[in-house]
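Following: one structure in structure tokens, then a few remarks.
What follows is calculated from the coordinates using simple rules that are stated; it is not laboratory data. All figures in this text were calculated on a predicted structure; none of them were measured in a lab. We place every Cβ from the backbone using ideal geometry, glycine too, and count neighbours over all the protein chains shown.
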Amino acid sequence: MKAKGVVTGLGAAVGANDGSLNQTSARKSKGAPMKLVKDVAAAPYKAARTAADLAINGAPPMFAEPIHVGRPNIGNHKRFLQRASDILDSGWLSNNGPIAQEFEQRIAKFLGVKHCVAMCNGTIALEIATRALELKGEVIVPSYTFIATAHALQWQEITPIFADIDPATHNLDPAAVWRMITPRTTGIVGVHLWGRASAVKELEAIAKEHNLRLMFDASHGFGCSLNGELIGGFGECEVFSFHATKFFNTFEGGAVVTNNDILAEKMRLMRNFGFSGYDNVIYPGTNGKMTEIAAAMGLTNLEDLDDFVAINRHNYQCYRDAIATVPGLSLLEYNESERNNYQYAVVEVAPYFPVARDRIVDVLHAEHILARKYFWPGCHNMEPYRSYYPHAGLMLPNTNLVAERVVVLPTGSALDADAIRAIASILGVLALGKV
Ligand code: T4K
């Protein structure tokens, strides 16, 4: 398929700002640069200026190949391959091997917590954490999250009770949490959505007052801070996903981090069938172990974290400058006084924007820009919750509102400033309303 031809000058239409960083210079400090995951051919791309330029109206798509949300951040190939080769030589592939142990130590040190219990993925990590905390009955969670947050509870026959979010933060609204507490409530699972920390202090106060256990789904929050403190040490434990699409990945993987010695020990047993040494099972458990190759990927990516942030941040700034000129669209803000991973470029569509959110996504997809509607329609509108609680939406007005308004745009090393300005030029055309 042929992409649109080479025409420059689109930046002017959407408020371009090149920024000072380019992706090669971000990596110079590391010697041999890692290879970037590249979806898009070299810039410049043709700006969309009128509706006639749009693929949905019959023009060639802006990008020859699909560009995705969630392309992986991959560290130095050479270092990873050396580690992979060492693993093969060692003949030790899993079961709390030396690389996984080193990984856990490095993660705990990086986050400033006592324990990191590495797992095979974030969902199992959530299940093990909630089980180790002995949650039962009802547990309060946001509905505006990836389905795994709710499923991890339901899978254990714990009832997820959906509380509404604050539309400004997209995180649990403490007042809404408070309203959903019943005598059956045993805990709260907050989610640091998009890497922006939950209202930790307020949730802690509610948990304390009602004698509830508090943990966080920190799947989006690796490398992000609240009041200067990295996410990881809040609540009784925090759960990370290290899935390929996450800011920091181990192919598939996850971890529970905690400062609680007893909890950590319990989770170590649970992720390994409850084994305490040969032939001695002292606890019910499952298989949640992280493999050596996953840990090797993690160690490698940990070394390149600063580069990932620099690329994401630069992309974020490009989006911010470009989208600022499009009336009716706003880019979700990150608090610049905190540490952020800038992994998600989240656009909110105002009600007065002339093109509906779903139509925007269709237009972008026609251009091979595979924007996503995360986390529409909200867990409460998915099975089995939709059938269990058909009226849950009545208590979730902000969840419904936000889920109808969000478009997540591609970012990461696969994109550069020119590609971002090209994407924004399409949004600029939509703002004119003639699509
Ligand atoms: N809690 C929260 C808040 C979460 O966001 C997640 C996961 C979890 C818990 C559970 O953690 P894990 O058990 O997954 O560790 C994706 C991810 O699969 C999922 O991990 C993630 N959240 C969620 C936000 O996004 P989908 O259904 O959108 O995935 P998919 O297959 O459409 O992939 C997204 C895009 O990523 C693709 O269009 C292409 C790109 N991609 C994907 C993979 C796997 C690549 O370029 N390379 C790859 O290797 O859920």
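A few remarks follow.
- Size check on segment 204-281: the Cα extents along the three principal axes, sorted descending, read 46, 37, 17 Å.
- Extended-chain gain in nm, criterion 0.36 nm per residue less alpha-carbon gap, Ala51 and Leu88: 7.8 nm
- Cβ crowding within 10 Å, taken as a proxy for footprinting-reagent exposure, orders Arg184, Arg83 from fewest neighbours to most as Arg184, Arg83.
- For the chain, the direction-averaged projected area of the alpha-carbon convex hull comes to 21.8 nm².
- Sparse packing (at most 15 other Cβ atoms within 10 Å of the Cβ) combined with a DSSP loop state is found for the following GluC sites (Glu not before Pro) in segment 258-342: Glu333, Glu336.
- For segment 51-59, 3J(HN,Hα) per residue [Karplus equation, 6.51 cos²θ - 1.76 cosθ + 1.60, θ = phi - 60°, Hz, x = Gly/Pro]: 4, 5, 7, 8, 4, 5, 9, x, 6
- The slack in the chain from Asp358 to Gln105, taken as 0.36 nm per residue of separation less the alpha-carbon distance, amounts to 86.7 nm.
- Rounded to the nearest whole Hz, the Karplus-based 3J(HN,Hα) values (6.51 cos²θ - 1.76 cosθ + 1.60, θ = phi - 60°) of segment 242-247 follow the sequence 10, 5, 3, 7, 7, 3, with x at glycine and proline.
- Under 5 Å, built H, 5+ apart or other chain: amide partners of Ile161: Val139, Ile140, Val141
- For segment 234-386, the alpha-carbon radius of gyration amounts to 1.40 times the rule-of-thumb value 2.2 N^0.38 Å expected for a compact globular protein.
- Expressed in units of 2.2 N^0.38 Å, where N is the residue count, the Cα radius of gyration of segment 162-314 is 1.16.
- Value of [θ]222 nm, deg cm²/dmol, for the chain, DSSP H segments ≥ 4, -39500 (n - 2.57) each, nearest 500: -10500 deg cm²/dmol
- With distances taken between every two different alpha-carbon atoms, segment 361-405 has a Kirkwood hydrodynamic radius of 11.7 Å.
- GNM flexibility winner over the chain from Leu133, Leu394, Leu370 (Cα, springs under 10 Å): Leu394
- Phi angles of segment 144-158 translate, via the Karplus equation with coefficients 6.51, -1.76, 1.60 and θ = phi - 60°, into HN-Hα couplings of 7, 7, 5, 4, 4, 4, 6, 4, 4, 7, 4, 4, 9, 6, 9 Hz per residue; Gly and Pro are given as x.
- In a reduced charge model with +1 at each Lys and Arg Cβ and -1 at each Asp and Glu Cβ, segment 119-169 shows a dipole moment near 140 debye about its Cα centre.
- Comparing Met395, Met119, Met62 in a Gaussian network model of the chain where C-alpha atoms under 10 Å apart are linked, the largest mean-square fluctuation is found at Met395.
- Taking each residue as 0.36 nm, the span from Val281 to Met382 lengthens on full extension beyond its C-alpha to C-alpha distance by 32.6 nm.
- Rounded to 5, percent antiparallel among DSSP beta bridges of the chain: 55
- Prolate/oblate/rounded call for segment 63-212, Cα gyration tensor, a/c under 1.5 rounded: prolate
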